[in-house]
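The values are calculated or read from the model by the stated rules, or taken from the named source; none is laboratory data. No experiment lies behind these values; they were computed from the predicted model shown. Virtual Cβ from ideal backbone geometry, glycine too; neighbours counted across all protein chains shown.
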């Protein structure tokens with residue numbers, strides 16, 4: 001269901017949005033509509049990030065398409081209606097499937113199929129979930 005009051009926020013390189021999250025390299029960020037990114041999130045789009053419709057990202061999350069720690073890089077894709085719990089980290093070259101849920105405080109290093117719940121450090125499969 002589309003939220004008629006929703007407006008895409010203005011996103012500038014390394015500047016807080018009005019919702020208090022930061023995006024680096026926003027020219028490489030592709031977004032759908034009605035997404036929600038929590039306060040104090042960091043999104044590195046150097047190698048590309050796609051956030052599809054109705055995605056929810058909890059506060060204090062980090063999304064890396066480029067990791068300077070281990071040299072990994074690659075696009076991150078958050079498919080429609082997926083949910084990322086607070087304080088989670090998504091590493092480069094990862095796709096989170098449609099309707100999937102990442103539990104709070106998880107560290108995602110593998111692609112997540114649609115309609116699944118994953119949790120932990122590193123994130124592991126917990127169960128299949130229904131479609132909403």
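Quick look at the values:
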quantity: Residue in region 62-81 that is over 15 Å from residue 30 (Cβ atoms), part of a loop (DSSP other than H, G, I, E, B) and under 12 Å from the mean Cα position of the chain (by Cα) present; calculated: yes
quantity: Single residue of 100, 88 found to be crowded, with 17+ Cβ neighbours inside 10 Å, touching a strand residue (DSSP E or B) at 6+ places or on another chain (Cβ under 9 Å), at pLDDT 95 or above and over 23 Å from residue 9 (Cα atoms); calculated: 100
quantity: Strands (runs of 3 or more DSSP E) contained entirely in region 1-61, each with at least 3 residues that are under 10 Å from the mean Cα position of the chain (by Cα) and surrounded by 14 or more Cβ atoms within 10 Å (Cβ to Cβ); calculated: 49-51
quantity: Total residues in region 94-125, condition part of a loop (DSSP other than H, G, I, E, B), over 18 Å from residue 60 (Cα atoms) and over 14 Å from the mean Cα position of the chain (by Cα); calculated: 3
